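Remarks on the structure that follows.
The values are calculated or read from the model by the stated rules, or taken from the named source; none is laboratory data. None of these values were measured; they are calculated from a predicted model. FYI the Cβ positions are ideal-geometry reconstructions off the backbone, even for glycines, and counts take in every protein chain you see. We work out accessible area using only protein heavy atoms, side chains counted, and drop any ligands, DNA or RNA first. Shrake-Rupley method; radii C 1.70, N 1.55, O 1.52, S 1.80 Å.
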Amino acid sequence: MRFGSVEFFKVLIKTVLAIVFFLPLVLCIVFGIMLANTNKRLSDTEQKCLEAERSYERISLAAEVLVGERAGSVGDFYEIYKKSGNSDEELIAYIREINGYEEDNAADDLKPSPPETQPVSTPPPPETSAPVTSTSPPEETIEPTEESPYAGIHEDMIVTPVGAEDLVREQGTVYLTFDDGPSQNTYTILSLLRKYDVKATFFVVPSRTDECYALLRSIVSEGHSIGVHSASHDYEKIYASAEAYLEDFYEAWDIIYDATGVKTSLFRFPGGSVNDFNGETRDTIIGEMTRRGFRYFDWNVDSNDAGGASWSEMYNTIPSDIAQNYRSVVLMHDSAPRENTVYVLEDILKVLVWEGYKLDKINDNTMPVQFAGPYA
């Protein structure tokens with residue numbers, strides 16, 4: 001093929017066309033492969049970040065479950081953590097992150113010991129035959145100590161407490177509690193509880209009337225727990241001083257004993273243990289009541305029936321709130337204005353029974369749920 005000939009130019013044109021059309025195609029293929037590999041690496045990185053974020057959330061949730069109860073031990077946390085589906089290494093990474101550990105810290109120093117190798121003190125299971133409260137004077141009388149300035153106020157208002165080491169904290173247990181009764185709704189509440197074979201706890205505001213005495217006896221005779229809420233439910237009056245609180249408490253406690261023969265050790269502060277009226281007196285009151293053997297219970301599920309919650313609001317929120325807790329103490333009210341509580345109660349019982357919760361009364365050895373305090 002001679003330079004400058006027609007044949008030469010034909011070959012030259014074909015070569016130029018091949019370079020113009022095929023070279024970009026080859027470059028597109030090469031860059032396409034490179035881009036796909038880059039996207040894959042980015043996708044893998046994003047997936048790892050997403051998995052790490054989900055793992056972090058699961059670990060955080062496991063921690064929040066225990067923190068929400070404000071009780072337990074390392075062993076309790078590890079039992080909850082195992083159910084989160086995360087590995088020990090993920091837990092170590094989480095702890096390192098929130099505490100700012102350097103990379104050269106040894107991971108083995110942070111790895112938790114499994115419960116079977118780490119001795120954990122756990123309370124024994126409750127004795128099903130144990131009564132809710134003592135119906136006779138305690139065998140051992142706790143004498144008021146000289147250190148208490150309130151020892152001379154109603155010296156007989158003393159009960160024998162269960163030791164802290166014997167308190168029981170059962171996962172999945174739901175304690176339905178009713179404040180402010182007894183009332184015209186009490187018999188209906190009792191009949192619904194009886195229908196579903198459920199025991200509950202009534203923190204009462206009793207009075208010295210035949211009707212009230214009959215209602216108190218019905219509560220106890222059907223196997224429910226009974227505790228003191230208040231005699232007057234007058235916040236400004238009862239929280240004015242420790243003496244004022246003891247006087248009000250004694251009136252309610254004595255009515256319960258007079259009507260039922262039960263010297264209850266259970267009580268609930270009107271408004272809860274932390275409220276707008278007891279800021280200056282609560283610690284003194286708690287200290288004195290604890291010295292006398294009494295234990296107070298707050299709640300971690302609020303039906304908001306006192307705030308006017310509707311049937312649908314309570315039906316939707318109570319079970320969902322219970323599902324978030326290790327165990328639940330549910331605040332409801334047994335008083336005349338709380339008709340929605342009566343209307344929704346059977347439907348709530350159906351849901352909780354169907355979902356397999358253990359529904360129990362607060363017993364003498366039940367570990368309290370408290371906003372703040374020695375058992376928190």
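Using 1/(1 + (r/R0)^6) with R0 = 30 angstrom and r between the beta carbons of F371 and S207, what's the FRET efficiency to the nearest 0.05?
About 0.60, to the nearest 0.05.
Which value in nm describes the separation of the simple spin-label points at E165 and V351, placed 7 Å from the Cα toward the beta carbon?
4.1 nm
Output wanted: per-residue J couplings in Hz (rounded whole) for region 329-337, from phi through Karplus 6.51 cos²θ - 1.76 cosθ + 1.60, θ = phi - 60°, x for Gly and Pro.
Residue by residue, region 329-337 yields 10, 9, 8, 9, 10, 10, 8, 3, x Hz.
Extension gain K14-N304, at 0.36 nm per residue separation less the Cα-Cα distance, in nm?
95.8 nm
GluC sites (Glu not before Pro) within region 251-345: which are DSSP loop residues with at most 15 other Cβ atoms inside 10 Å?
E280
For V301, enumerate residues with amide H under 5 Å from its amide H, sequence gap 5+ or separate chain, H modeled in the peptide plane.
For V301, the qualifying residues are V329, L331.
With all protein chains present, calculate the accessible area of L25 using a 1.4 Å probe and round the result to the nearest 10 Å².
That residue has around 100 Å² of solvent-accessible surface.
Quick one: 3J(HN,Hα) in Hz for region 167-176, Karplus 6.51/-1.76/1.60 with θ = phi - 60°, rounded, Gly and Pro as x.
So the J values, rounded to whole Hz, are 6, 10, 10, 9, 5, x, 8, 10, 10, 7.
Quick check: pseudo-label points 7 Å beyond the Cα along Cα→Cβ at A336 and D321, how many nm apart are they?
Each label point is offset 7 Å from its Cα along the Cβ direction, giving 2.6 nm.
What's the extension gain from K358 to E313 if we count 0.36 nm per residue and subtract their Cα-Cα distance?
Separation in residues times 0.36 nm, less the Cα-Cα distance, equals 13.9 nm.
Points 7 angstrom from Cα along the Cβ direction at E222 and E247: gap in nanometres?
Calculated label separation equals 3.5 nm.
Pull out the extension gain between M34 and L192, defined as 0.36 nm times the separation in residues minus the alpha carbon to alpha carbon distance; nm, one decimal. Mind showing how you got there, number by number?
Working: separation 158, 0.36 × 158 = 56.88 nm, distance 6.98 nm.
Result: 49.9 nm gained on full extension.
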